[in-house]
1. Pick from Lys242, Lys221: which is surrounded by fewer than 24 Cβ atoms within 10 Å (Cβ to Cβ), in contact with a Phe, Trp or Tyr (Cβ under 6 Å, 6 or more places away or on another chain) and in contact (Cβ under 8 Å) with a residue 12 or more places away in the chain?
2. Could you please find all residues in the stretch 193-235 being aliphatic (A, V, I, L, M) and either in contact with a strand residue (DSSP E or B) (Cβ under 9 Å, 6 or more places away or on another chain) or outside any helix (DSSP H, G or I) (or both)?
3. Name the residue that is farthest from Val58 (Cα to Cα), counting only residues in the stretch 343-368 that are buried (at least 24 other Cβ atoms within 10 Å of the Cβ) and of a type in the set (Ser, Thr, Tyr).
4. Just checking, does the stretch 145-153 include any residue being under 22 Å from the mean Cα position of the chain (by Cα), part of a strand (DSSP E or B) and either free of Cβ contacts under 8 Å to residues at least 60 places away in the same chain or surrounded by fewer than 18 Cβ atoms within 10 Å (Cβ to Cβ) (or both)?
5. Is it true that some residue in the stretch 255-266 is under 19 Å from Gln428 (Cβ atoms), in a helix (DSSP H, G or I), touching a strand residue (DSSP E or B) at 6+ places or on another chain (Cβ under 9 Å) and among the β-branched types (Val, Ile, Thr)?
6. Residue by residue through the stretch 369-390, note down the ones that are over 13 Å from Ile297 (Cα atoms) and among the β-branched types (Val, Ile, Thr).
7. What's the number of the condition Gln215 fails, among (1) at pLDDT below 95; (2) out of contact with any Lys or Arg (no Cβ under 7 Å at 6 or more places or on another chain)?
8. Of the residues Arg379, Arg392, which is free of Cβ contacts under 8 Å to residues at least 24 places away in the same chain, more than 17 Å from Tyr225 (Cβ to Cβ) and not aromatic (Phe, Trp, Tyr)?
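The values are calculated or read from the model by the stated rules, or taken from the named source; none is laboratory data. Predicted model, so just to flag it, every value in this text is computed and none were measured. Counting neighbours? That spans all protein chains shown, and the Cβs are built from the backbone with ideal geometry, glycine included.
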Amino acid sequence: MSERKLITGPTFEEMLHPHLIDPEIRAKANEARTKDPLASINLFNISWRDFNNKIQYVVLPPELTGVDTPIAVLTSIHFPTRSHKVGATYSVLIEKELFGEVSPWEHTMVWPSTGNYGIGGAYVAGRMGCKSIVILPQGMSRERFEMIESFGAQIIKTPGSESNVKEIYDKTHELSAADPKARIMNQFEVMGNYRFHYYVTGNTIIDLAKELAEQGIGSGKVSAYTSAMGSAGTIAAADRLKQEWHDHKIVGLEPIQCPTLAINGYGSHDIQGIGDKHVTWIHNVNNMDAVMCIDDIDCKLGLQLFADEGGLKALSDKLGVPQQTVDYLKTRVGISSICNIYGAIKAAKHYGFGKDDLVVTIATDGLDRYGSVMQDMRRDYGVVDQAEAVARVRSLFHGLKTDWIFDGTPDNRARWHNLKYYTWVEQQGKSVEELDAQKSSAWWEAEQHRVQDINARLLEYRATQKL
């Protein structure tokens, strides 16, 4: 019997610069994007760039943000699954397969998630020939469950909503004990998640800063990067940015309703995908410059501007936002995207940035995830007309205050780090020595350097398949 072959996709370098992919493979992947979206070759569509090698982003105008500082938003609905989380799940799974930690023919991949990571895991695992179980709180949006099921994964629903991660962990422990073939792909712990964003997202942003400077936007550097933390994978991009520019500001965002790093707080909220009531293992908190808190209802009120015709009309006709920008944004932002944009505005105000600065943030998914949430908003707050839209922009965007900001002082960074103890040592089996090791930049640099090892292993595997 011939040896079974792994189904593989791009290297980290190919995800960063997809023009390096074999042209024939890339053309087939681009065709499959619409004609056969469940084909395995779509793994080669995992990139922040489109088929023409253009980074997918929009620069928000001051008519929307109320600040002179340009804010660039990377958008991700062109990824398979219409969210960048598919990149993190691919990076996690390909690494574990290449190094023999999991086998697609023996093991069941278990993806603990509050949304997009589970969707990405279901998609990637299915395309790579693996069975999957996604563990998801029952309070997440209907669209999330529908997408996971469409990719062929089993769903286990746990009690609660976005911030009920402890219940997800409890279920993973139960599955591990009951099934020795279950392999837990814990996004909050596995460093493949960190590595995708450190290398692919971080270096994409560096390329974007240079591209924007050529257009007369910014000076070629990124002054700050803002990202809400769910798994804290996305914020890992800023570790790369701070290596490029030592005065770069890394700003993490949390819901006011669940301000865990901010004030050791807890609670339920509805910014789906973030604010999971603990500090994740993969979060380099000692590198953060600030934590800022955002109100969840403000995020949903802001998103409704792009969901209702009155909001879209007012943005262009009443507020002067370019029509091209409105058309681009209306499908490319979700609840956490609005949170990230608010955070970027707060950062620009807090640090006193000007026209020559540049703040970058991420739209992690699009409006298609939140149709049911927007229906509830219309029921509770009414349909947005033009007058209401103008009022919301002026209060929610232009009127953002520099409150609920906690700077990364030595004491705060120590506290953020120490909070990991209660999840990872007391509950998840890490040692104090492992936790203490994360205080050193060398620990994080060693994880970053593994990108090259994984690239080399994948290229070596490809070569053996051609023999």
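1. Working: Lys242 fails: in contact with a Phe, Trp or Tyr (Cβ under 6 Å, 6 or more places away or on another chain).
Checking each option against the conditions leaves just Lys221.
2. Filtering the stretch 193-235 for residues aliphatic (A, V, I, L, M) gives 200, 205-206, 208-209, 212-213, 217, 222, 224, 228-229, 232, 235.
Across the stretch 193-235, the qualifying residues are Ile205, Leu208, Ala209, Leu212, Ile217, Val222, Ala224, Ala228, Met229, Ala232, Ile235.
3. That would be Thr364.
4. Narrowing the stretch 145-153 to residues under 22 Å from the mean Cα position of the chain (by Cα): 145-151, 153.
Keeping just the survivors that are part of a strand (DSSP E or B) gives none.
Within the stretch 145-153 (the criterion being under 22 Å from the mean Cα position of the chain (by Cα), part of a strand (DSSP E or B) and either free of Cβ contacts under 8 Å to residues at least 60 places away in the same chain or surrounded by fewer than 18 Cβ atoms within 10 Å (Cβ to Cβ) (or both)), the answer is no, since none of the residues qualifies.
5. The answer is yes, given that some residue of the stretch 255-266 is under 19 Å from Gln428 (Cβ atoms), in a helix (DSSP H, G or I), touching a strand residue (DSSP E or B) at 6+ places or on another chain (Cβ under 9 Å) and among the β-branched types (Val, Ile, Thr).
6. Val383, Val384, Val390
7. (1)
8. On the way: Arg392 fails: free of Cβ contacts under 8 Å to residues at least 24 places away in the same chain.
Step by step, each of Arg379, Arg392 is checked, and only Arg379 is free of Cβ contacts under 8 Å to residues at least 24 places away in the same chain, more than 17 Å from Tyr225 (Cβ to Cβ) and not aromatic (Phe, Trp, Tyr).
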